[in-house]
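For reference, the structure discussed in these notes is given below.
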Amino acid sequence: MPSAPPSAPVVPLERAHIGIIGAGQLGQMIALAGMALGHEFTFLDPSPRPPAARLGRHIQAEFDDAAALEQLAVECDVLTFEFENVPVAALAPISQIQTLHPGTHALAIAQDRLEEKTFFGQHGIPVAPYAAVDSLDDLRAGIDRLGLPAVLKTRRLGYDGKGQFVLRTRDDAEPAWAAVHGQSCVLEAFVPFTREVSIIAVRSATGEQAFYPIGQNRHVGGILHRTDVPTEDSAQAQAEDHARRVLTALHYVGVLAIEFFEVDGRLIVNEMAPRVHNSGHWTQNGADTSQFENHVRAILGWPLGSTARTRPSVMLNLIGQMPDAQALLALPGTHWHDYGKEPRAGRKLGHLNITAAHEADCQAIAARAEALIFGTAPL
Ligand code: AMP
């Protein structure tokens, strides 16, 4: 595992040129927030017309194109990424010539579920029992040790439930191992969680840290569908303690998301994302400062904005096809976010934030919005 890099220098405070690796919706929302602060953006992304390209210069190149990455590094004052599957080996050379936040150390850990679990364990953050799996024999031994059900996950390149298989009987071992095509995996004990929550944390290049109120997440088929932000959450202090350990251990700069399972009031970490995160989209309309603005402030060494929740909030993802914007916006307290992407099954195309003065009103409007988005029976 690479060692933690030294703290990077803080770039000029005003009107920075920020380079973002990746130009999807997260890059788009970082740029929308950063442009309001006076910054300009260049994006590197292999797609011909990615969402964020409408907001700045677009270098169309693969994520491991050394010449294109160098061009981005030379043109910009600071670099960040919105997508965590960028090859670390490709970023290592540019991180020598330009400030990259968060650094490759955090990225390398987050890209590998085994490294990630080892890291959490070393810092006293509880993880579900797990076993490293590199063969069918390892998988069978893992089942013997952890019991069933269990979840087999590829160590690398998994997201939104992709590269994951739930094993319910010993006979599931062989087909699950065939389905991962011999890739290195981890087997996790199935966690009988009562709910899933996540924390969005941020650390500035100056070392200042801040934490948003935790979100309560509902996933369907491994994809986030809804985030609620309870007023006072009993798990807030635990989540902050775990996030603080990660930020500090990694000398982390930028926004970090950590997802947890809650079991009997205790948080068990599932995974972390070294970037702005879908479960923090509610902050655009329900917090003093959005996660996107705070990410920009953090990587520039600016003072962080308040992370306080200003109003009860719910976020609903718009997946696969866009619903009727006019009907949803006719509901009070709704905020429409469209990424400008082509519809496709399972694709995140936008989200709807719902805010209200009172929690009961927010929940009632969210129920009506879910009925409009998903039909009469909310998922
Ligand atoms: P992940 O890609 O690891 O975030 O997993 C996607 C979703 O699958 C999670 O949000 C959970 O709903 C579910 N899941 C993943 N791992 C486990 C586990 N070990 N036990 C129970 N549910 C899980």
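A few comments on the model shown:
- Any pair with Cβ under 6 angstrom, 6 or more apart, that starts in the stretch 243-255 at a residue that is over 19 Å from Leu26 (Cβ atoms) and ends at one that is in a loop (DSSP other than H, G, I, E, B): Arg245/His123; Ala249/His123; His251/Ala4; His251/Ser7
- Any hit, the stretch 137-146, residues being within 12 Å of the ligand (Cβ to nearest atom), more than 29 Å from His225 (Cα to Cα) and not assigned by TED's automatic domain parsing to the domain that holds Asn217: yes
- Counting only helices (runs of 4 or more DSSP H) that fall entirely inside the stretch 67-158 and contain at least 1 residues that are touching a Lys or Arg at 6+ places or on another chain (Cβ under 7 Å), under 25 Å from Ala249 (Cβ atoms) and touching a residue at least 24 places away in the same chain (Cβ under 8 Å), the qualifying elements are 113-122.
- Applying the criterion of being within 28 Å of Ile319 (Cα to Cα) and β-branched (Val, Ile, Thr) to the residues of the stretch 204-225, the residue that is most open to solvent (accessible area, probe 1.4 Å) is Val220.
- Total residues in the stretch 36-65, condition open to solvent by 70 Å² or more (accessible area, probe 1.4 Å) and either touching a helix residue (DSSP H, G or I) at 6+ places or on another chain (Cβ under 9 Å) or under 14 Å from Leu107 (Cβ atoms) (or both): 7
- Val191 vs. criteria touching a residue at least 40 places away in the same chain (Cβ under 8 Å), among the β-branched types (Val, Ile, Thr) and either more than 9 Å from the ligand (Cβ to nearest atom) or not in a loop (DSSP other than H, G, I, E, B) (or both): no
- Residue list for the stretch 194-203, filter: within 15 Å of the ligand (Cβ to nearest atom) and either open to solvent by 30 Å² or more (accessible area, probe 1.4 Å) or not polar (S, T, N, Q) (or both): Thr194, Arg195, Glu196, Val197, Ile199
- Of all residues in the stretch 291-324, those being open to solvent by less than 30 Å² (accessible area, probe 1.4 Å) and touching a strand residue (DSSP E or B) at 6+ places or on another chain (Cβ under 6 Å) number 13.
- Residue count for the stretch 58-84 under the criterion of being among the charged types (D, E, K, R) and over 22 Å from Arg297 (Cβ atoms): the result is 4.
- Sole residue being open to solvent by 10 Å² or more (accessible area, probe 1.4 Å) and within 16 Å of the ligand (Cβ to nearest atom), chosen from Asp288, Asp228: Asp228
The values are calculated or read from the model by the stated rules, or taken from the named source; none is laboratory data. A quick note: this is a predicted structure, and the numbers were derived from the prediction, not measured. Positions of Cβ are backbone-derived with ideal geometry, glycine not excepted, and every protein chain shown enters the neighbour counts. Side chains included, ligands, DNA and RNA excluded: accessible areas come from the protein's heavy atoms. Shrake-Rupley method; radii C 1.70, N 1.55, O 1.52, S 1.80 Å.
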